[in-house]
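S.K.: Here it is, the structure, as structure tokens.
The values are calculated or read from the model by the stated rules, or taken from the named source; none is laboratory data. Just so we're clear, the structure is a prediction, and the values are computed from it rather than from any experiment. Note that we place each Cβ from the backbone using ideal geometry, even for glycine, and neighbour counts take in every protein chain shown. In case anyone asks, the SASA skips ligands and DNA or RNA and just uses the protein heavy atoms, side chains included. Shrake-Rupley method; radii C 1.70, N 1.55, O 1.52, S 1.80 Å.
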Amino acid sequence: MLNIAYIGDGKSTNRYHIPFSSQVESIKIKTIQARSGHNEMWERVPGADYVKDKEAIWNDPEIDLVVISTPPQTHYSLAKEALLNGKNALVEKPFAETPEEARELFALAEEKGLFIQCYQNRRFDSDFLTVQKVIESGVLGDILEVEMHFDYFRPEVPKSAESFEKLNSFMYTHACHTVDQVLSYFGDPKAIHYDVRQLLGDGRMNDYFDLDFNYENNLKVAVKSSYFRLKSRPSFVVYGKKGTFVKETKDRQEEHLKLFYMPTNDDFGVDLPEHYGTLYYMDENGQYHEEKVVSEVGDYSRIYEGVYESIVNGKEKIVKDEETIRQIEILEQGIQEMTNY
């Protein structure tokens with residue numbers, strides 16, 4: 001049994017972590033730290049201790065893993081504190097502000113013989129897993145271009161930010177999802193073209209990014225996102241020499257979580273037929289085909305299963321240290337090349 005503690009009792013902990021760690025039989029949620037006491041917006045976790053002081057976590061020898069699920073500005077310092085207190089750590093994204101901070105945390109963990117990893121749950125999004133299935137089927141032939149869109153229509157969010165804050169920027173809080181997906185599946189590119197903007201003007205938060213990752217064999221993977229898309233672009237479009245795959249809708253796990261429809265339901269996060277992507281291709285006889293592709297099932301609990309296997313059974317981390325460091329380098333470079341900043 002892996003005993004875990006959460007630092008933070010807000011939306012991130014209760015919506016994006018606890019519903020999934022609770023699904024893993026070999027994990028027990030022992031303690032949750034919240035400075036002001038339990039957040040009454042969320043149901044209490046049965047059997048968990050709610051504490052105000054994180055020292056109660058550091059001083060508990062039964063706690064094996066500490067999950068840092070707090071505002072981005074605190075991730076580095078709390079992760080370091082966890083390691084110095086002899087605790088393994090799982091850290092929400094963005095993992096750290098700079099590559100130097102990330103390298104320091106990984107080196108400290110290695111020195112102390114401890115585990116530390118970033119919580120990159122969106123590697124297990126349904127749409128991303130479905131795209132991998134289609135690519136690996138070979139029906140599209142050699143892949144030439146992949147477009148990934150993560151759009152919103154939330155103009156009130158950038159409008160409410162009167163100044164620019166790096167760790168709260170759109171790059172650090174949203175590109176951390178899609179950039180990790182790119183690095184995890186396609187690897188480190190030869191070159192990256194950055195188009196990162198402040199659509200509301202100089203000194204405001206960045207609210208738009210368009211990154212082109214260029215690989216060998218003329219493959220380009222484009223990652224695009226905006227707060228001002230009333231009509232979202234398709235979640236994924238994959239172009240190959242023999243065909244195209246279009247997945248219009250995103251993974252539905254977040255949609256269900258916002259409705260308090262939990263992973264305990266068998267159809268949690270499962271696409272309906274109207275959410276399936278469409279595959280267009282030419283076969284070996286030159287015949288045109290158009291068909292739906294049943295979506296893979298997304299499951300964020302797979303991150304927790306992987307964490308358990310790494311800590312208890314010594315298996316390789318799902319999210320490699322070098323992937324996390326490279327991601328932060330890319331996020332940081334995007335900010336440096338931001339228009340109007």
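S.K.: Once amide H atoms are placed 1.01 Å from N in the peptide plane, what residues at a sequence separation of 5 or more from Glu296, or on another chain, have their amide H within under 5 Å of its amide H?
M.R.: Those lying under 5 Å, H to H, from Glu296 are Thr130.
S.K.: Let me understand the stretch 83-141 better: what is its radius of gyration from the alpha carbons, and its Dmax, in angstrom?
M.R.: 16.7, 51
S.K.: Can you tell which of Arg204, Arg229, Arg326 shows the greatest fluctuation in a Gaussian network model of the chain with Cα springs below 10 Å?
M.R.: Top of the fluctuation ranking is Arg229.
S.K.: Measure off 7 Å from each Cα along the Cα-to-Cβ vector at Asp202 and Thr278, then give the distance between these two points in nanometres to one decimal.
M.R.: Placing both labels 7 Å along Cα→Cβ, they lie 4.6 nm apart.
S.K.: Okay, next question. What is the P(r) of the stretch 41-109, as percent of Cα-Cα pairs per 10 Å bin from 0?
M.R.: Using 10 Å bins, I get a P(r) of 19, 49, 26, 6 for the stretch 41-109.
S.K.: Right, another one. So what's the chain giving for Cα Rg divided by 2.2 N^0.38 Å, two decimals? The partial results should precede the final answer.
M.R.: Values: Rg = 20.6 Å, N = 341, 2.2 N^0.38 = 20.2 Å.
Dividing the Cα radius of gyration by 2.2 N^0.38 Å gives 1.02.
S.K.: HN-Hα J couplings of the stretch 262-271 from phi, Karplus 6.51/-1.76/1.60, θ = phi - 60°, integer Hz, Gly and Pro as x?
M.R.: Taking θ as phi minus 60°, the curve returns 9, x, 5, 7, 4, 9, 4, x, 7, 5 Hz for the stretch 262-271.
S.K.: At 4 °C and a viscosity of 1.567 mPa s, what translational diffusion coefficient does Stokes-Einstein give for the stretch 25-75, taking Rh as the Kirkwood radius over Cα pairs? Give it in µm²/s as a whole number. Let's see the in-between values first.
M.R.: On the way: Rh = 12.1 Å.
This corresponds to a translational diffusion coefficient of 107 µm²/s.
S.K.: Quick one: among Asp251, Asp127, Asp195, which has the greatest mean-square fluctuation in a GNM of the chain with alpha-carbon springs under 10 angstrom?
M.R.: Looking only at Asp251, Asp127, Asp195, the biggest GNM fluctuation is shown by Asp195.
S.K.: Taking only the alpha-carbon positions of the stretch 245-285 and ignoring solvent, what does the Debye formula give for the base-10 log of I(q)/I(0) at q = 0.20 Å⁻¹?
M.R.: -0.66
S.K.: What percent antiparallel are the DSSP beta bridges of the chain, to the nearest 5?
M.R.: On the way: 34 of 59 bridges.
Taking every DSSP beta bridge with both residues in the chain, the antiparallel ones total about 60 percent.
S.K.: What's the angle, to the nearest 10 degrees (0 to 90), between helix 321-336's Cα axis and the longest principal axis of the chain?
M.R.: Value to nearest ten degrees: 70.
S.K.: On a C-alpha basis, how far is the centre of the stretch 105-122 from the centre of the stretch 223-238 in Å? Whole number, if you could?
M.R.: 32
S.K.: Per residue, what accessible area does the stretch 125-240 have, given a 1.4 Å probe and all protein chains present, in Å²? All intermediate terms of the calculation are to be shown ahead of the outcome.
M.R.: On the way: 4570 Å² over 116 residues.
That works out to 39 Å² per residue.
S.K.: So what are the ³J(HN,Hα) numbers for the stretch 192-198, from phi and the Karplus equation (6.51, -1.76, 1.60; θ = phi - 60°), rounded to whole Hz, Gly and Pro as x?
M.R.: 10, 9, 10, 9, 10, 10, 10
S.K.: Right, another one. With axes computed from alpha carbons, what is the tilt in degrees of helix 99-112 against the longest principal axis of the chain, rounded to the nearest 10 within 0 to 90?
M.R.: Once rounded, the angle reads 50 degrees.
S.K.: For the stretch 1-149, what Kirkwood radius comes out of the mean inverse Cα-Cα distance, in Å?
M.R.: Computed over Cα pairs of the stretch 1-149, the Kirkwood hydrodynamic radius comes out at 16.9 Å.
S.K.: Another question, if that's okay. Give me the angle, in degrees from 0 to 90, between the Cα long axis of helix 75-84 and the longest principal axis of the Cα atoms of the chain, rounded to the nearest 10.
M.R.: Helix 75-84 and the main axis of the chain meet at about 50 degrees.
S.K.: I'd like the Karplus ³J(HN,Hα) series for the stretch 159-172: coefficients 6.51, -1.76, 1.60, θ = phi - 60°, whole numbers in Hz, and an x wherever there's a Gly or Pro.
M.R.: 5, 7, 8, 8, 9, 8, 10, 3, 6, 9, 6, 4, 4, 6
S.K.: Across the stretch 198-300, how many lysine pairs separated by 8 or more positions, or lying on different chains, have Cα atoms within less than 28 Å?
M.R.: 25
S.K.: How high is the FRET efficiency from Asn214 to Lys315, r the C-beta distance, R0 30 Å, rounded to 0.05?
M.R.: Values: r = 33 Å, r/R0 = 1.08.
For R0 = 30 Å, the calculated efficiency reads 0.40.
S.K.: Suppose only helical runs count, i.e. DSSP H with n ≥ 4. What mean residue ellipticity at 222 nm does that imply for the chain under -39500 (n - 2.57) per run, divided by all residues and rounded to the nearest 500 deg cm²/dmol?
M.R.: Values: 11 runs with 101 residues, N = 341.
After summing the helix terms and dividing by the residues of the chain, the value is -8500 deg cm²/dmol.
S.K.: Sticking with this one: Rounded to a whole number, what % of the accessible area of the chain do carbon and sulfur atoms account for, probe 1.4 Å?
M.R.: 46
S.K.: Continuing with the same structure: Could you state the number of Å between the C-alpha centres of the stretch 142-217 and the stretch 53-101?
M.R.: Going from one Cα centre to the other spans 26 Å.
S.K.: The stretch 219-294: Rg/Rh from Cα coordinates, Kirkwood Rh? Mind dumping the intermediate values first?
M.R.: Working: Rg = 15.7 Å, Rh = 14.8 Å.
That ratio equals 1.07.
S.K.: Which one of Lys11, Lys87, Lys190 has the biggest mean-square fluctuation once the chain is modelled by GNM with Cα springs under 10 Å?
M.R.: Highest fluctuation among the options: Lys190.
S.K.: Number of Lys pairs in the stretch 46-138 with C-alpha atoms less than 24 angstrom apart, excluding same-chain neighbours closer than eight positions?
M.R.: 11
S.K.: Treating the Cα atoms of the stretch 232-337 as identical point scatterers in vacuum, please give the log10 of the normalised Debye intensity I(q)/I(0) at q = 0.13, 0.24 Å⁻¹, two decimals.
M.R.: Values returned for q = 0.13, 0.24 Å⁻¹ are -0.81, -1.14.
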